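J.: Could you have a look at this structure, given as structure tokens, before my questions?
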């Protein structure tokens, strides 16, 4: 009984976590600066953590739900990274034009 509660809670919380990335993605997208407050090192580590957990779920545990949840989290992390890199590139190019 307790095992089922823990499994269900784990799945629910980690499924909802995908939606927690949306406010961060929105903020980064709306930023007008180089978004220096965002650490690419941290987001890259979170991406690799999600990817390795997804692979673990698929290959070691054989749990498709675990694999899918963490793959979705990795995609969201990659979205933040891509937006930050793009914003920084655009900001730097714009700064070079106005020198």
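The values are calculated or read from the model by the stated rules, or taken from the named source; none is laboratory data. Quick caveat, the model's predicted, so the values are computed rather than measured. Ideal geometry is used to build each Cβ from the backbone, glycine not excepted, and the neighbour counts take in all protein chains shown.
J.: Consider segment 23-44. How many of its residues are more than 18 Å from residue 91 (Cα to Cα) and either in contact with a strand residue (DSSP E or B) (Cβ under 8 Å, 6 or more places away or on another chain) or touching a residue at least 24 places away in the same chain (Cβ under 8 Å) (or both)? Quick ask: steps written out before the conclusion?
T.: Filtering segment 23-44 down to residues more than 18 Å from residue 91 (Cα to Cα) leaves 23-24, 41-44.
Now restrict to residues that are either in contact with a strand residue (DSSP E or B) (Cβ under 8 Å, 6 or more places away or on another chain) or touching a residue at least 24 places away in the same chain (Cβ under 8 Å) (or both): 24, 43-44.
Here the count works out to 3.
J.: Is it the case, given these coordinates, that residue 65 is exposed (fewer than 15 other Cβ atoms within 10 Å of the Cβ), touching a residue at least 40 places away in the same chain (Cβ under 8 Å), over 16 Å from the mean Cα position of the chain (by Cα) and under 30 Å from residue 10 (Cα atoms)? Please lay out each step first, then the result.
T.: Details: exposed (fewer than 15 other Cβ atoms within 10 Å of the Cβ): yes; touching a residue at least 40 places away in the same chain (Cβ under 8 Å): yes; over 16 Å from the mean Cα position of the chain (by Cα): yes; under 30 Å from residue 10 (Cα atoms): yes.
The answer is yes for residue 65.
J.: Still on this model: Starting from residues that are at pLDDT below 95 and farther than 18 Å from residue 50 by Cβ, keep the ones in segment 6-30 and report whichever is surrounded by the most Cβ atoms within 10 Å (Cβ to Cβ).
T.: 7
J.: Only one of 85, 51 is loosely packed, with under 14 Cβ neighbours inside 10 Å and touching a residue at least 12 places away in the same chain (Cβ under 8 Å). Can you tell me which?
T.: Details: 51 fails: loosely packed, with under 14 Cβ neighbours inside 10 Å.
When all the criteria are applied, what remains is 85.
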